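Undergrad: The structure follows.
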Amino acid sequence: MRRLPHAHDPGGPLPAAVLFDRDGTLVADVPYNGDPARVAPMPRAREALDAVRAAGIPVGVVTNQSGVARGLLTARQVEDVRLRVEDLLGPFAVWAVCPHGPAEGCGCRKPAPGLVLAACRRLAVPPERTVVTGDIGADMEAARAAGARGVLVPTAATRPEETTAADTTAADLLAAVRLVLDSVPVAASAGETRRHPGTATGEWRSSPAGPVGAPRRRRVAPAAVPRGHPALPTGEPR
């Protein structure tokens, strides 16, 4: 059985941390949302997160929130949305957020690795033992650039080429988490895991590591606006 390097093998160590994109991954993507009442969890999100927490693995959020730079949201609105996410989905050990716009050239905005690296530093875990789960190619590119592993959970916003390029895909968050934890076969009710050429159902595709480099009341990683950030426009690297 070929699996992604650093993925959990029976009897081996679990991942040191699992990081999630926010909009389109944990909660429905509502462009520039500053209203907590509009926060809606993605299917099976709470179940998936609770499974990771039950395994003793810290969970965190890594999210682009360019609405701050665009002047479309206040930090207070973003914080209110973040608090609502935790009300619905439970606590996260770290939130790493990028408030910059796409033209600012920062090192934190995905697909750059800064958010993933910042979250790993705050959690004191090595990136190579960290898994990043997201719904678009920028999430997977950020994971590769940081030396972490990515699992893509495609949505309507995911481009076909992003799905093709992903090392690993899963039908929903629970299917993704089952791959990460390597606990039980992914049930049909959780959706099928995408099979890559040469791999069996449920296996992780083996591939070389991508190039390196190139909290809420909890901890907010350095590349963050004071306490939270807005949702980004559909179609952008979140």
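The values are calculated or read from the model by the stated rules, or taken from the named source; none is laboratory data. Everything numeric here is computed off the predicted structure, so don't read it as measured data. Neighbour counts run over all protein chains shown; Cβ positions are idealised from the backbone, glycine included.
Undergrad: Exactly one of (1) out of contact with any Pro (no Cβ under 7 Å at 6 or more places or on another chain); (2) over 14 Å from PHE20 (Cβ atoms) is unmet by ALA96. Its number?
TA: (2)
Undergrad: Follow-up question, since we're still on this one. Taking the stretch 181-197, which residues are buried (at least 22 other Cβ atoms within 10 Å of the Cβ) and either touching a Gly at 6+ places or on another chain (Cβ under 9 Å) or at pLDDT 95 or above (or both)? Quick ask: steps written out before the conclusion?
TA: Within the stretch 181-197, the first condition is being buried (at least 22 other Cβ atoms within 10 Å of the Cβ), and the residues that meet it are 190, 193.
Selection gives THR193 alone.
Undergrad: While we're on this one: Starting from residues that are in contact with a helix residue (DSSP H, G or I) (Cβ under 8 Å, 6 or more places away or on another chain) and of a type in the set (Gly, Ala, Ser), keep the ones in the stretch 56-88 and report whichever is surrounded by the fewest Cβ atoms within 10 Å (Cβ to Cβ).
TA: GLY67
Undergrad: Can you list the helices (runs of 4 or more DSSP H) found entirely within the stretch 101-176 that contain at least 2 residues being crowded, with 24+ Cβ neighbours inside 10 Å and not aromatic (Phe, Trp, Tyr)?
TA: On the way: elements: 114-123, 137-146, 160-165.
Where helices (runs of 4 or more DSSP H) fall fully within the stretch 101-176 and carry at least 2 residues being crowded, with 24+ Cβ neighbours inside 10 Å and not aromatic (Phe, Trp, Tyr), they are 114-123, 137-146.
Undergrad: Please give the number of the condition THR163 fails out of (1) β-branched (Val, Ile, Thr); (2) over 23 Å from ALA93 (Cα atoms); (3) modelled with pLDDT under 95; (4) in contact with a strand residue (DSSP E or B) (Cβ under 8 Å, 6 or more places away or on another chain).
TA: Result: THR163 passes all but (3).
Undergrad: Another question, then. Would you confirm whether or not the stretch 9-16 contains a residue that is at pLDDT 95 or above and either surrounded by 24 or more Cβ atoms within 10 Å (Cβ to Cβ) or touching a Phe, Trp or Tyr at 6+ places or on another chain (Cβ under 6 Å) (or both)?
TA: There is no residue in the stretch 9-16 that is at pLDDT 95 or above and either surrounded by 24 or more Cβ atoms within 10 Å (Cβ to Cβ) or touching a Phe, Trp or Tyr at 6+ places or on another chain (Cβ under 6 Å) (or both).
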